[in-house]
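What follows is a set of notes on a single structure, which appears directly below.
Read-outs: derived from the displayed coordinates by stated rules, not from any lab. These numbers come from a predicted model, not from an experiment. Neighbour counts are summed over all protein chains in view; Cβ atoms, including those assigned to glycine, are modelled from backbone coordinates with ideal geometry.
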There are 2 protein chains.
Amino acid sequence: MKPNFIHTYVSVDCVVFGFDHENQLNILLVQKHGANSQEKSQRKLPGSLIFSHEDVDDAAQRVLHELTGIKKMVLKQFKCFADPNRASSKADINWMAQEYQPNIDRIITVAYLSLCKIDHKINSSKYDTVDWFPINRVPELPFDHNKIITESFVEIRKWIESDFSIIFQLLPKKFTIRQLFQLYNALSEKQIDIKNFHKKIAAFDYIIALDEIETNVAHRAARYYKFDPKIYKKNNTKLIK
Amino acid sequence: MKPNFIHTYVSVDCVVFGFDHENQLNILLVQKHGANSQEKSQRKLPGSLIFSHEDVDDAAQRVLHELTGIKKMVLKQFKCFADPNRASSKADINWMAQEYQPNIDRIITVAYLSLCKIDHKINSSKYDTVDWFPINRVPELPFDHNKIITESFVEIRKWIESDFSIIFQLLPKKFTIRQLFQLYNALSEKQIDIKNFHKKIAAFDYIIALDEIETNVAHRAARYYKFDPKIYKKNNTKLIK
């Protein structure tokens, strides 16, 4: 006898990171459609079931566009979450029946990482409420969304270690070395040594000093820098050349 | 009206790399069940639909075990392939009907990378025929399996750049620096400079010289080395410490 091969529904979920002025990493969460005030989890990651003629990457681009109004966002597929019990709580089953259709027996999701400058205007065509949440103040979320966020944080670190240019997606176009340090520090597992950081950064010729310093700051005004992607591309980060 | 959300079947496919004595990267392919001699593609990547109570990572471990008889193999999920047309050729539809069941309207697959020492005995409980193919002599395969292999090759490079210890999974326990060089070269997009390579390798204290040299070789006998995972772990490869 052949084993029981089931069909399943497939969705995408997007973890969008931003870096705020208090030097914290933030994540975009949306209000759950039809959530009632009794429910614990009023928020969720932005996501959607994929359409019949849609690849998962296209579905993720659609979700990000409906979420932010931004046309092309940096995005990276990072993991398929397919625990058979990931959508088996009563609240999750009810919500799927209401949002999509009844009798969804199994749903797996393909998770994406994306990065956004936090000052970018969010202009959602789909969601009434879209908010930034500092990652240490993310509430309890439905499905395995808290787990997806935890794993996305490991993934964003790996992404930046393997391609340092990605970090500049989270910074304003002109930034201070302090901002870059604070972002790198927020992304790291352990406290970064500031002296080592300055030494390394000084050797990165794709970080260009500008003729401009901060204004209206309480501390000593720091110089602004910009990132040059062309110079970065020339000096690839291969281990052995 | 709600859009048409379809259900789909989900499979896993595994690209297992090995490194042979002619310094070529190889991939494990299996004989297609029920392939007739008229069919162009007699081979495919090892894979399977996932079972009802199985996560995708568990399905990939099952496929690898059924394929090789090896219990724990290094494996890495790398991408979900979900092009709506990836399984729409007549031959592919017929094969799915015969192997699984009729009327599979859409199948998406989660692809995995795995690494195997090529001398390891392959003892498959599922497939009659399992063979190594040099990656430049992989035949035309069903579905998008050729595309999956092409992308897996980009992925294995990234994996080794981000975690150099992975490369030793492809080498014998004791190896020469020539073997390590040839493997790294086979994995690289461009020819590696041998002098730079030696200089870098000499600084890697986790590559330990043994009191043993090659025997029965036509060229000058070279020293054997081994990889020390403990020393490697201590010296992490972070960009900035």
_For B:K79, give me every one of the lysines with a C-alpha distance below 17 angstrom, ignoring sequence neighbours fewer than eight places off in its own chain._
A:K76, A:K79, A:K158, B:K147, B:K158
*asked:* Projecting each Cα onto the charge dipole of chain A (Lys/Arg +1, Asp/Glu -1 at the beta carbon, about the Cα centre), which of A:I194, A:Q61, A:C116 comes out farthest on the positive side?
replied: A:I194
*Give the span of the stretch A:125-241's Cα atoms along each principal axis, as three whole-Å numbers ordered largest to smallest.*
46, 45, 33
*Summed side-chain charge close to B:A222 - residues other than B:A222 whose Cβ falls under 12 Å, Lys, Arg +1, Asp, Glu -1*: +2
*Cβ under 9 Å from B:Y9's Cβ, B:Y9 left aside: what net charge do those residues give with Lys, Arg +1 and Asp, Glu -1?*
0
*Counting other Cβ atoms within 10 Å, keep those with at most 13, restrict to DSSP loop, and tell me which GluC sites (Glu not before Pro) in the stretch B:130-174 are left.*
B:E140
*Using a label position 7 Å from Cα in the Cα→Cβ direction, what is the ascending list of nm distances from A:K190 to the same site in the other copies?*
3.6
*Over its Cα atoms, what ratio of radius of gyration to 2.2 N^0.38 Å does the protein assembly as shown give?*
1.09
_Taking the square root of 5 times each eigenvalue of the Cα gyration tensor, what semi-axes in Å does the equivalent ellipsoid of the stretch B:9-162 have, largest first?_
23, 17, 16
_Exercise: per-residue mean of other protein chain Cβ atoms within 10 Å, B:97-109_ = 2
*Please identify, among B:A218, B:A60, B:A111, the residue showing maximal mean-square fluctuation in a Gaussian network model of chain B using a 10 angstrom Cα cutoff.*
B:A218
_Over chain B: helical MRE at 222 nm, DSSP H runs n ≥ 4 each giving -39500 (n - 2.57), nearest 500_ = -8500 deg cm²/dmol
*asked:* Taking a ≥ b ≥ c as the square roots of the Cα gyration tensor eigenvalues, with a/c under 1.5 meaning rounded and otherwise prolate when a/b beats b/c, else oblate, which class fits the stretch B:85-139?
replied: prolate
*Lysine pairs with alpha-carbon atoms under 18 Å apart, the stretch B:174-234, spacing 8 or more or separate chains*: 8
_Longest to shortest principal axis, alpha-carbon extents of the stretch B:174-234, angstrom_ = 33, 31, 17
_Copy-to-copy label separations for B:Q31, where each label sits 7 Å from Cα toward Cβ, in nm and ascending_ = 6.2
*Given Cα pairs under 8 Å that are at least 6 residues apart, what percent is the relative contact order of the stretch A:172-234?*
38
*Hey, for B:P139 with labels 7 Å out along Cα-Cβ, what do the inter-copy distances come to in nm, ordered shortest first?*
5.8
*Taking the stretch A:106-160, which trypsin sites (Lys or Arg not before Pro) meet the DSSP loop condition and have no more than 16 other C-beta atoms within 10 Å?*
A:K117, A:K121, A:K126
*Normalised by the residues of chain B, what does the relative contact order come to in percent, with Cα pairs under 8 Å and at least six apart?*
22
*asked:* Applying a 10 Å radius around every beta-carbon, put B:18-31, A:81-94, A:197-210 in order of their mean neighbour count, most first.
replied: B:18-31, A:81-94, A:197-210
